[in-house]
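Below: the structure, in C-alpha cells.
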There are 2 protein chains.
Amino acid sequence: MDCTVSALQKARMAYAPKLPAAFKAGANVACTEGEKLAAFADTEKITAKFPSTSNMPLLTFAPGNGEKIAKPVNVAVILSGGQAPGGHNVIAGLFDGLKSLHPESKLYGFKGGPSGLTDNKYIEITADFLASYRNTGGFDMIGSGRTKLETTEQFEKAEANCKALGITAIVIIGGDDSNTNACLLAEYYKAKNAGIIVVGCPKTIDGDLKNAYIETSFGFDTASKVYSELIGNIERDANSAKKYWHFIKLMGRSASHIALECGLRTHANVTLISEEVEAKKMATDEVVTILADSIAKRAANGDNFGVALIPEGLIEFIPDFKSLIAELNDLLAKEGEAYAALASNDEKASFIASRLSASSAAVFATLPMEIKMQLTMDRDPHGNVQVSRIETEKLLVELVKNKLAAWKKEGRYNGKFSTQTHFFGYEGRCSMPSNFDADYCYSLGYNASSIISTGKTGYMSSVRNLTEPAEKWIAGAIPLTAMMNMERRHGEDKPVIRKALVELDGAPFRELAKNREKWAVETCYVYPGPIQFFGPAEVADITTMTLALEKGK
Amino acid sequence: MDCTVSALQKARMAYAPKLPAAFKAGANVACTEGEKLAAFADTEKITAKFPSTSNMPLLTFAPGNGEKIAKPVNVAVILSGGQAPGGHNVIAGLFDGLKSLHPESKLYGFKGGPSGLTDNKYIEITADFLASYRNTGGFDMIGSGRTKLETTEQFEKAEANCKALGITAIVIIGGDDSNTNACLLAEYYKAKNAGIIVVGCPKTIDGDLKNAYIETSFGFDTASKVYSELIGNIERDANSAKKYWHFIKLMGRSASHIALECGLRTHANVTLISEEVEAKKMATDEVVTILADSIAKRAANGDNFGVALIPEGLIEFIPDFKSLIAELNDLLAKEGEAYAALASNDEKASFIASRLSASSAAVFATLPMEIKMQLTMDRDPHGNVQVSRIETEKLLVELVKNKLAAWKKEGRYNGKFSTQTHFFGYEGRCSMPSNFDADYCYSLGYNASSIISTGKTGYMSSVRNLTEPAEKWIAGAIPLTAMMNMERRHGEDKPVIRKALVELDGAPFRELAKNREKWAVETCYVYPGPIQFFGPAEVADITTMTLALEKGK
C-alpha cells in the first residue's frame, strides 16, 4: 500500500484494545462448565436436528496459569454478510489470542465470505499484514460475502480445504443467519468426527442478534453513534434555520433497534418503530397521522421544523400496506401484460385500482402517482414488487403533505411544511470502531481463541457485563443451539437463531414511549457529536443507551 | 431548558478556546496602522462609492498594557445567512473581549438575522445565557436570516434601534453578500457621523470568502471534515462490499472548495470541480466521460466499485447545459400553455425537442425522461427551471449508465455498474466546531471587540497565520472596501466583495490534478474518521489541506 493514511488512522493503529480480566495470562484460560443450556424454544425439535451439539454447558473463563498449549493450532476465519465496524478487530483479537496459546499457531483468512471457504481462496494472516488493520472499520482485510453455507457438498469442500492446511477450527463472524449456518456446520463436523471446531461471533449493526447470553452484536454501538451524530447535526440545523422538517430513514430492515437507539440519543420529534406498528396493526393512515400530529402541534407553537426517524423496513410492517403489496404481486402475475399495454399513467392507475380489494384500493388511492408507478412497474426478476426500493421517507412526506392539506381545510393546521429527506446507512457500516466496539470485538476474537483451546465446538463467543469497564467483562461461550427455535422459512420449518426484535415491554422502548409525547411537540434535541476516541471516559468509552436501559442502568 | 445534554456537549462547554498572543492582556490591544489598502480592482469606482471607508490602513494588533477602556461599550451582533459551525463562538469571543475592555459593556444579539436589527428584535446576551452555547454548533442562540440590509430606510431603522440601546457598534457575521452590506452600512453611518461602527466577520462553510488578508472563512474546516468523515466511511464500505459506485453530491453552489478539500482528504476516485468545467467549457458529455472513464478502467481491473464527488452547483457551470436551461426558460415562457395541454410525457418531450437549437436538443435527448419532465414542469414562481432542485447526482448516474451501455456494445467496457447516491449538506452546517473553528471563531469575535476599541469602522475581523499554533496567529483588521470590485448583478454594476472560487493555478487544485489519474484507477482511499476534540495535536488541531497547500506547507 503506497497510499497515505490519515492522522487519526495512524493514531488508532497504536490503540491497545482493553480485554476482560480472564485473559490477563493469555488465551489459555481456566474454563468452568456451567448449566447445560437447551434451546430456549422448540427444544425437542432442535435437539433432534442437532443431536451432537445440543444441551451443552455454558462456559465461563477465568485467568489461566500463563502456560502455552502443547501444539500450535491452525485456524480459519471468515467474515459473513454486511459490514459492521470492528470486524477487523475480531480477527486481530483472534490472531493475538492464538499466538498467546502457541506462537507457531497460524490464522488463515478465507476471502470474500463463506464462498472463500468452499472455493479455497485464502491468505495467511501475519502480524505485519494485520498491523495496518488494527482498530479500523471495514471488512476489506479479507472481504465478506453472502453465500450461505448449508449443503453437505459445501461442508465437505470446506473440510477438505481446511484439512489441506491443517486447520482444526473455523471462526465465523456473522449475523443470525450466518451463525445458524455455523451451527449446522458444527453439528455436521462433530457428528462425523471431522476434527474441526466451529465458533461463531455475533456481528450486525442492526443489533438484532442478542439474547440472554449475548448482550449485543458488535457494530451496533458504532453505527448508531455515527447516525446519531448526523441526526444531532441535522436537529441543530433544523432548530437554527427553523425552516425544514427532516425525514430521516435509518438502516434496519427487520428490527428497529437503530431507530430506537438514535431516537433515545437525540430526542428526535418522532421516532417510528416497525415492531410497534406491526403489533398494533396500525393502518398506513395511522402512521401518517402520528407524523402529521407532531407537525401540526409544533406549527401551532410557531415551530415549522422538526426531525422524524423512520426505520428502513417500516412499510413491510404496516398490515394494510403489506396486503396491498401481496395483492399487487398476484394481480400483476395474472394481468401483467394487459397492464403493460396501457399507455398513460392514469389509465394504469385506474386499471389497478379497479382490481384491488376495497381496503387495498383505499391505500392505493392515497399514494402519489410516482409511488403507484414504482410499485407496479419496477419489479424484480420474479415479478414481485421491489419493496426495498421504495423510498419510504419520500413516500411518507407525500402522504403527510396530503393529510396536512386536508387538515388545513378543516382549520386543524395552519403551518408551512417544507422538507428534506435523508437515508443514513452506508455512512455507518464501515466507520472506525468506537473504543467500545474496538475493545468488544478484540475481546470476542481473543475469546474465540480460548474457546478453540478448550476443544469445544458449536459455541458462540460471548463477552458479557458490557456496561462495566472492560476489565470486569465476563468471557465465556454459549452453545449456538441454545439460541435456536423453529421458524417457517419458504414453506418449511427450519431451525434458526431467533432475531431479536424491539420488545414493546422492554426498557428501551418504554423509555421512548414515556418521553415521546413531549419530544413530539417541544424542541428537546440532544446533540451527541462525533465519536471520540480520546478524552474523558464518559465521552469516549460508554456504550449504547439501549444496553444501559436493558441492564437497568 | 430542561432537556439533557450529551456527555460530549458537557465536555465541550468546558473547552477554553486558544487565542492569539495579541490578546494576552485582554482586548485593549496596541494597534499599528499599516499600508493603506485600496480596492484590489475597480479602485476608482469603489472609492467613489465608498468615499468615507476606502483607502484605509491595514491594522495589526499587539498586546496592550492590560488597562480597561474608560467607558463601557454597547454592541449589537447578528448572524446572517446559512449556518456555519462556530458562529456561537464568534459571539462568545466578542462577549469576553468586550467584558475585558470594560466589565459593564453590553452585548445585544439581534434575532433572526439582519431583519432583527431593523425590526428591533433582540436579547441581551449575558454570561449565564451564553454558557450553554460555548463551543457548540448551530445558529440557534439568536437565529439567522437572509434579509439583505441595503436600503437607506433599513439603515435608518437600525440606527434608531441601536441608539435606543446606546449601541455604538454592530458586528455582522456573514458571507460575501452580508459583508458587502456591512460595508454599505459602515459607509452610510460614517458619512453621516452616526457614531456607529460596523465590523464584519468572515463566515461560510463554502470557503469562498477569502483573499490576501482573510485566509479562510469559519465553518469550512468543520463542515469539510464532517463530509470527509462520511466519504471515508463510504469509501471503506465500497472497498469492503466491492459492489457499488457511490455518487456523492456536496454542498457548494458557486465554489467547489468543499469538493476539492474532501477529494484531497479522501482520495475519492473522481472529484469534479465546477470551476474547471466552466474554464474548459466542457460539454455535458465530457463530464460524463470523465466518470465513465474511471469506472471502465477500474472495471478492467475487476473493481466494480468507487466513489465520485460532485459539487452541488455543477450543472450550472456546464456551458451546454446552461444554454439548454436558458432556452427552456424562454420557450416555456412563450409556449408554456400549449406545452401544458399535451397529454403524455412522450408528446411533451417531442414538443420541447423540436423547438430547441440543435446543440440544446442534443443535450436534451441524452436526459432520462424523469429529468426531462422535472426540467420542464417543476418551475419556480417566475416560470423558470428550478436548477437547484435537480438531483445532479442521480442525473449523472443515468447519463453514465447510458454511456457505459454504449461502450459495452463497442467492447470498451465489460463491468457491472450498481450505484448509491448521497447528498451531504445539512449534516455539516451545524456540527460542533472543530478545535480549529472553535479557536478561530472565538479569536475572530475577540478580535472584533479590539477593532471596536480602536474606534475604526468598515473593517473585517482578520486573524491570520492559521497553519501555525493559535498563539502565533496574527490579529488585526482589513478594510472591507479592499476586498471589493464591481460586478454585474441584475443588469447593474454593483460594488461587491469578490467570491473566491477555486483557482486552477492554485496549489490545492494542482495537488488534485497531479494525483487524479492515479486515484481514478487505483484504490488509494484515505479514511479521515470523525472530528476529534481530544488527543494528539496532529489529530485534533490541524486545519484544512486547502489552507496548508495555499500556504505552501
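The values are calculated or read from the model by the stated rules, or taken from the named source; none is laboratory data. Keep in mind that this is a model prediction, so the values were computed, not measured. In this analysis, Cβ positions are derived from the backbone assuming ideal geometry, glycine residues included, and neighbour counts consider all displayed protein chains. Just so you know, the surface numbers come from the protein's heavy atoms only, side chains and all, with ligands and any DNA or RNA stripped out. Shrake-Rupley method; radii C 1.70, N 1.55, O 1.52, S 1.80 Å.
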Completion exercise
Those residues in region B:516-533 that give up at least 40 Å² of accessible surface, probe 1.4 Å, once the partner protein chains are present instead of the chain by itself are B:526, B:527, B:530, B:532
Practice task
Using just the alpha carbons, could you tell me how many Å³ per residue the convex hull of the protein assembly as shown encloses?
Solution key: 182 Å³
Fill in the blank from the handout: For residue A:246, other-chain or 5+-apart residues with amide H closer than 5 Å (H placed, Pro excluded) are A:306, A:307, A:308, A:420
Practice task
Provide the buried accessible surface between chains B and A in square angstrom, both chains summed, 1.4 Å probe, rounded to the nearest 100.
Solution key: 4500 Å²
Fill in the blank from the handout: So, in nm and shortest first, the distances from residue A:454 to its counterparts in the other copies, with label points 7 Å along Cα→Cβ, work out as 7.3
Exercise for the section: Provide a list, ordered by number, of residues in region A:101-150 showing at least 50 Å² less accessible area with every protein chain present than when their chain is taken on its own, using a 1.4 Å probe. Expected result: A:140
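How large is Rg/Rh for region A:217-313, to two decimals, with Cα atoms and a Kirkwood Rh? Walk me through the numbers before you get to the answer.
Values: Rg = 13.6 Å, Rh = 13.9 Å.
Expressed as Rg/Rh, it is 0.98.
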Fill in the blank from the handout: The Rg/Rh figure for chain A, Cα atoms and Kirkwood Rh, to two decimals is 1.01
Problem - Accessible heavy-atom area order of A:215, A:44, highest first, probe of 1.4 Å - result: A:44, A:215
Handout entry: Cα shape, region A:185-239, gyration tensor, a/c 1.5 rule
Key = prolate
Fill in the blank from the handout: Long-range amide H partners of residue B:474, meaning residues 5 or more apart or on another chain whose placed amide H is closer than 5 Å, are B:464, B:465
Problem - Accessible area in square angstrom per residue, the protein assembly as shown, 1.4 angstrom probe - result: 37 Å²
Fill in the blank from the handout: at residue B:192 the sorted inter-copy label distances (label 7 Å from Cα on Cβ side), in nanometres, are 9.4
Completion exercise
Inter-copy distances for residue A:71, nm, shortest first, label points 7 Å along Cα→Cβ, are 9.5
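Run lengths n ≥ 4 of DSSP H only: what is the helix-derived mean residue ellipticity at 222 nm for the protein assembly as shown, with -39500 (n - 2.57) per run over all residues, to the nearest 500?
Working: 40 runs with 479 residues, N = 1106.
Mean residue ellipticity at 222 nm (helix-derived): -13500 deg cm²/dmol.
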Problem - Sequence of A:539, B:287 when ordered by accessible area, the most exposed leading, probe 1.4 angstrom - result: A:539, B:287
Completion exercise
Sorted by chain and then number, the residues having a modelled amide H within less than 5 Å of the amide H of residue B:122, at least 5 places away or on another chain, are B:111
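Roll a 1.4 angstrom probe over the protein heavy atoms and tell me the percent of accessible area of region A:148-221 that is carbon or sulfur. Can you show the working numbers first?
Details: 1160 of 2200 Å².
So the carbon and sulfur contribution to the accessible surface is 53 percent.
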Exercise for the section: Provide the descending list of Cα extents for region A:10-133 along its principal axes, expressed in whole angstroms. Expected result: 51, 39, 30
Completion exercise
Restricting to lysines and to Cα separations under 18 Å from residue A:18, and discarding same-chain partners fewer than 8 apart, the set is A:99, A:472
Practice task
Provide A:235, A:511 ordered by accessible surface of protein heavy atoms (probe 1.4 Å), highest first.
Solution key: A:511, A:235
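When the accessible area of region A:483-553 is split by element with a 1.4 Å probe, what percent falls to carbon and sulfur? Walk me through the numbers on the way to the answer.
On the way: 1760 of 3540 Å².
Reported share for carbon and sulfur atoms: 50 percent.
For region B:423-534, what class follows from the C-alpha gyration tensor (a ≥ b ≥ c being the square roots of its eigenvalues): rounded when a/c is under 1.5, otherwise prolate if a/b is larger than b/c, else oblate? Could the numbers behind the result be given before it?
Details: a/c = 2.12, a/b = 1.30, b/c = 1.63.
Judged from the Cα gyration tensor, region B:423-534 comes out oblate (a/c at least 1.5, b/c at or above a/b).
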Handout entry: Solvent-accessible area, 1.4 Å probe, carbon plus sulfur percent, for region A:1-119
Key = 52 percent
Completion exercise
Violations at 19 Å Cα threshold for listed pairs B:49/B:190; A:334/A:394; B:348/B:372 -> A:334/A:394
Handout entry: the protein assembly as shown, dipole about Cα centre (Lys/Arg Cβ +1, Asp/Glu Cβ -1), debye to the nearest 20
Key = 940 debye
Practice task
Anything losing 40 Å² or more of accessible area from the isolated chain to the full protein assembly: pick those residues out of region B:401-442, probe 1.4 Å, ligands and DNA/RNA ignored.
Solution key: B:426, B:427, B:430
Problem - Calculated log₁₀ intensity ratio I(q)/I(0) where the Debye formula runs over C-alpha points of region B:372-428, q = 0.16, 0.21, 0.24, 0.27 Å⁻¹ - result: -0.69, -0.88, -0.96, -1.05
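Over 30 Å between Cα atoms, which of B:45/B:203; A:225/A:551; A:494/B:401; B:45/B:106 qualify? Intermediate values should be presented prior to the final figure.
Working: B:45/B:203 26 Å; A:225/A:551 19 Å; A:494/B:401 41 Å; B:45/B:106 38 Å.
From B:45/B:203; A:225/A:551; A:494/B:401; B:45/B:106, over 30 Å: A:494/B:401; B:45/B:106.
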Problem - In Å², nearest 10: area of residue A:177 left accessible to a 1.4 Å probe - result: 60 Å²
Problem - Area of residue B:69 that stays accessible when all protein chains are in place (1.4 Å probe, Å², to 10) - result: 40 Å²
Practice task
Take the alpha carbon gyration tensor of region A:65-115, find the square roots of its eigenvalues, order them as a ≥ b ≥ c, and report rounded if a/c is under 1.5; if not, report prolate when a/b exceeds b/c, else oblate.
Solution key: oblate
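Among DSSP bridges having both ends in the protein assembly as shown, what percentage is antiparallel? Round to the nearest 5. Walk me through the intermediate numbers first.
Numbers: 50 of 119 bridges.
Percentage antiparallel, nearest 5: 40.
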